[in-house]
Structure formats: structure tokens, C-alpha cells
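Enquirer: Okay, here's the structure, questions in a sec.
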Amino acid sequence: QVQLVESGGGLVQPGGSLRLSCAASGSSFEINYMAWYRQGPGKQRELVADITNAGITTYDHSVKGRFTISRAIASNTMYLQMNSLKPEDTAVYYCNADVTQRRGSVRADFRTWGQGTQVTVSS
């Protein structure tokens with residue numbers, strides 16, 4: 001299997017910044033696509049931003065101009081730089097990846113999730 005581990009969450013005041021990281025680990029895998037989702041209190045999980053292997057990014061309108069998604073492909077790590085944070089950004093942030101894993105002649109394509117990291121924006 002392939003594991004995703006998020007880090008970098010915490011408590012920050014409105015207007016502050018945080019940088020989330022997501023590290024992928026496992027054997028004989030390649031990542032085809034990565035994304036950040038979030039789930040706020042009483043809300044459904046929603047897509048925040050995503051990035052392709054070609055570096056093409058998309059953002060939800062609510063974070064555009066404030067958040068920046070990036071990847072370090074060689075280290076299988078993804079980041080989310082969050083600036084000008086607002087109380088409505090409070091949520092558990094999840095890392096997501098589309099993965100191809102090979103074991104001998106067997107190929108598996110699947111989507112995997114991290115365990116989430118809490119971001120709380122409050123004064």
C-alpha cells in the first residue's frame with residue numbers, strides 16, 4: 001500500500017499563515033495526481049486545490065489568491081501554503097493522491113487518503 005501523512009496543521013490567528021505538508025511512502029509506486037481536501041465542522045468534504053504531474057493547478061474560488069499548492073516530485077511530497085487565513089478556513093485538511101503501484105507484472109491504480117491534519121483559525 002501507499003501511505004500519505006499530513007503535517008503542519010495547528011491554531012493560527014486570522015490573517016496568519018500555515019504550511020501543510022503531505023508525504024507519500026510505499027514501494028514501487030508513482031503518483032499521477034495530488035490534491036488537498038478539507039472538511040469543516042458540519043460540512044461535507046470539499047476540494048481545496050489540486051495539482052497534476054505537469055504542475056497544472058486548480059483552486060476552489062474561496063482560497064484562490066491566498067493558498068498555493070506545490071509538489072516536490074522527487075520526494076513524493078505535496079505542500080499547501082495558506083496565507084491570509086480566515087475563520088472559515090477552519091477544517092480538517094486531507095491529502096489525496098491517485099497512485100499506480102506495481103508488484104511484478106501486476107499493476108494497481110487506486111486513490112488513497114491521508115489521516116488529516118486540523119487547521120483552526122481563531123483569535
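The values are calculated or read from the model by the stated rules, or taken from the named source; none is laboratory data. From a predicted model like this one, the values you see are computed outputs, not experimental measurements. Please note: Cβ atoms are built from the backbone with ideal geometry, for glycine as well, and neighbour counts cover all protein chains shown. Note: areas computed on protein heavy atoms with side chains; ligands, DNA, RNA excluded. Shrake-Rupley method; radii C 1.70, N 1.55, O 1.52, S 1.80 Å.
Enquirer: Every residue in the stretch 107-117 that is within 12 Å of the chain's Cα centre (by Cα) and either among the polar types (S, T, N, Q) or part of a strand (DSSP E or B) (or both), please.
Expert: Thr112, Trp113, Gln115, Thr117
Enquirer: Okay, next question. Within the stretch 6-16, which residues are more than 16 Å from the chain's Cα centre (by Cα) and open to solvent by 40 Å² or more (accessible area, probe 1.4 Å)?
Expert: Leu11, Gln13, Pro14, Gly15
Enquirer: Taking only the stretch 20-29 into account, find how many residues are at negative phi and loosely packed, with under 14 Cβ neighbours inside 10 Å.
Expert: Summing the residues that are at negative phi and loosely packed, with under 14 Cβ neighbours inside 10 Å in the stretch 20-29 gives 2.
Enquirer: Which condition number does Phe110 fail, the rest of (1) out of contact with any helix residue (DSSP H, G or I) (no Cβ under 8 Å at 6 or more places or on another chain); (2) open to solvent by less than 40 Å² (accessible area, probe 1.4 Å); (3) not polar (S, T, N, Q) being met?
Expert: The failed condition is (2).
Enquirer: Another one. Report, ordered by the first and then the second residue, all pairs with beta carbons closer than 8 Å, sequence separation of six or more or different chains, a first member in the stretch 63-77 that is at negative phi, and a second member that is small (Gly, Ala, Ser) and assigned to a loop (DSSP other than H, G, I, E, B).
Expert: Taking only residues 6 or more apart or on different chains, the pairs are Arg66/Ser84; Arg71/Gly55.
Enquirer: How many of the residues in the stretch 38-59 are open to solvent by less than 40 Å² (accessible area, probe 1.4 Å) and either under 18 Å from Val99 (Cβ atoms) or outside any strand (DSSP E or B) (or both)?
Expert: 3
Enquirer: Being crowded, with 17+ Cβ neighbours inside 10 Å and closer than 21 Å to Gln115 by Cβ narrows it down to one of Tyr93, Tyr33, so name that one.
Expert: Of the residues listed, the single one that is crowded, with 17+ Cβ neighbours inside 10 Å and closer than 21 Å to Gln115 by Cβ is Tyr93.
Enquirer: For a quick check of your reading of the model, give me the residue pairs whose first member lies in the stretch 17-44 and is in contact (Cβ under 8 Å) with a residue 12 or more places away in the chain, whose second is aliphatic (A, V, I, L, M) and not in a strand (DSSP E or B), with beta-carbon atoms closer than 8 Å and at least 6 apart or on different chains.
Expert: Every condition considered, the pairs that remain are Ser17/Leu85; Leu18/Leu85; Ala24/Val2; Ser25/Val2; Gly26/Val2; Phe29/Val2; Ile31/Ile73.
Enquirer: If I filter the stretch 67-83 down to residues being in contact with a Phe, Trp or Tyr (Cβ under 9 Å, 6 or more places away or on another chain) and not in a strand (DSSP E or B), which single residue comes out as least open to solvent (accessible area, probe 1.4 Å)?
Expert: Asn76
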